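Single-structure report; data block below.
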Amino acid sequence: MSWKFDDGTPIYLQIAERIRAQIASGELPPGGKIPTVREIAETAGVNPNTVQRALSELESSALVASERGNGGRFVSANPDVLYKLKHDLARKAAFDYVYRMSKLGFNRSEAQNYLTEIKEEK
Amino acid sequence: MAILEAVKLSKAYGKKKYALEGINLNIESGKIIGLCGPNGSGKTTLIKLAAGLLTPTGGELTIDGKAIGPETKAIVSYLPDKTFVPENMKVFAIIDFFKEFYADFDINASHEMLKRLDIDGSETFKTLSKGTQEKVQLVLIMSRKAKLYLLDEPIGGVDPAARDYILSTIISNYNADSSVIISTHLISDIENTLDEVIFIKYGKLFLHSTSDEIRENHGMSVDAYFREVFRC
């Protein structure tokens, strides 16, 4: 049903984050149509104005473009923009991993060892 | 454009007991607003003033730039906190009754909503469960194409699944020209759908801000912030 949101972070940012993840994973393919504000608002269980704000956020980073005239929005088909998105998300995931390992008392190279270990187990 | 504007609005019951005091408020169209406050803080009084059921003791209140009267009542759809329909009538008959009464009533929308909520319109209102009665009343209110919806505790008695549907009904029915004011204690259930939040405390305006601002400035949900502000 409706999406789950964390406390403490503005909802529009969380929606933008979620759409970014959908674009990065290809769930929303390059050049593909983005659901309308109202559709997203209804599935997410949030206010249309909040969705509007999230989409403007994505537009300002050129990840989403609006088609003139009909008001529809599309995922960018620009490979550079999409690469940058994946790169940013990957860096963030790596950062999160290193941070969590440091909380457990492991340094970077020890953290790296765990990654190698996983590879060998597979 | 302000749909509702209050300037130094006050309402006293009797000589001394102020239910609302010095409220300054400006609500724009196209917003969904949560009106929150503990019991007895003045939520229902504010809504009743806007609906024209009470007259202010002091200050001014306008809706769509007009003083409260027949003209504003025609564009305000008000859901009271108590049962307001003739209970011996069948649901369909109540709908027809509303259709006669309000020029902006969309009968197709009401039938559509009843169907989606799985309510049998040929039943007599008073034989329905409490939750179903609340749903029927909300259907009546949301079937009008009003500019301002005033919903006093619309989700108190309904189950969580119906709550979700009701909220999506509110979201999908409202448009850029209309605003919805929802008074509630159940903030966590509705806060994701709110643009703005109004907190009132002992009859005074404590806060009017966007819900994202609360999250940004206080690092907590509206619900958590409410609990902090109104801690007993």
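What to note about this one:
- Cα-based shape type of the stretch A:81-121, given that a ≥ b ≥ c are square roots of the gyration tensor eigenvalues and the cut on a/c is 1.5: oblate
- Descending semi-axes in Å of the stretch B:1-138, equivalent ellipsoid built from Cα gyration tensor: 32, 18, 14
- Directionally averaged shadow of the stretch A:11-77, computed from the convex hull of its alpha-carbon atoms, nm²: 4.0 nm²
- Most mobile listed residue (A:Glu57, A:Glu17, A:Glu110) in chain A, GNM with C-alpha springs under 10 Å: A:Glu110
- For chain B, DSSP calls about 60 percent of its internal beta bridges antiparallel.
- Residues A:Glu39, B:Glu153, B:Glu196, ranked from the fewest to the most other C-beta atoms within 10 Å, line up as A:Glu39, B:Glu153, B:Glu196.
- Residue mean of other protein chain beta carbons inside 10 Å, A:42-54: 5
- Principal axis dimensions, largest first and in whole angstrom, of chain A by Cα: 54, 34, 26
- A crude spin-label estimate for the pair B:Lys82 and A:Thr9, with each label 7 Å from Cα along the Cβ direction, gives 4.6 nm.
- Nearby aspartates and glutamates by direct alpha-carbon distance to B:Lys31 (threshold 12 angstrom, same-chain neighbours under 8 apart not counted): B:Asp177, B:Asp195, B:Glu196
- Once the convex hull of all Cα atoms in chain B is built, its volume per residue stands at 127 Å³.
- Using a Gaussian network model of chain A in which every pair of alpha carbons under 10 angstrom is joined by a spring, one finds that among A:Val37, A:Val51, A:Val98 the greatest mean-square fluctuation is at A:Val98.
- Residue mean of other protein chain beta carbons inside 10 Å, B:159-167: 1
- Rounded to the nearest 5, the antiparallel percentage of DSSP beta bridges internal to the protein assembly as shown is 60%.
- Those lysines that a straight Cα-Cα span of less than 16 Å connects to A:Lys92, excepting residues fewer than 8 apart in one chain: A:Lys84
- Couplings for the stretch B:189-194, taken from phi via the Karplus curve 6.51 cos²θ - 1.76 cosθ + 1.60 with θ = phi - 60°, read 6, 10, 5, 5, 8, 8 Hz in order; Gly and Pro are left as x.
- Anchor B:Lys126: lysines whose Cα lies under 16 Å away (excluding residues fewer than 8 positions away in-chain): B:Lys82, B:Lys90, B:Lys135
- GNM flexibility winner over chain A from A:Lys33, A:Lys92, A:Lys103 (Cα, springs under 10 Å): A:Lys103
- Globularity index of the protein assembly as shown is 1.17 (Cα radius of gyration / 2.2 N^0.38 Å, N = number of residues).
- Each of B:Ser183, B:Ser129, A:Ser2 has some number of other Cβ atoms within 10 Å of its Cβ, and from fewest to most they run B:Ser129, A:Ser2, B:Ser183.
- Of the trypsin sites (Lys or Arg not before Pro) in the stretch B:1-97, those whose Cβ has at most 11 other Cβ within 10 Å and which sit in DSSP loop: B:Lys15, B:Lys16, B:Lys82
- Angle in degrees between helix A:108-121 and the longest Cα principal axis of chain A, rounded to the nearest 10: 90 degrees
- Estimated inter-spin distance, A:Ser25 and A:Phe74, nm [label 7 Å along Cα→Cβ]: 2.5 nm
- Residue exposure sequence - B:Ile32, B:Ile107, B:Ile68, B:Ile3 - by fewest surrounding Cβ within 10 Å: B:Ile107, B:Ile68, B:Ile3, B:Ile32
- Rg/Rg_ref, the stretch B:58-110, where Rg_ref = 2.2 N^0.38 Å and atoms are Cα: 1.41
Each reported figure results from applying straightforward, stated rules to the coordinates on display, with no laboratory input. Note that the structure is predicted; figures quoted are calculated from it, not measured. Note that we place each Cβ from the backbone using ideal geometry, even for glycine, and neighbour counts take in every protein chain shown.
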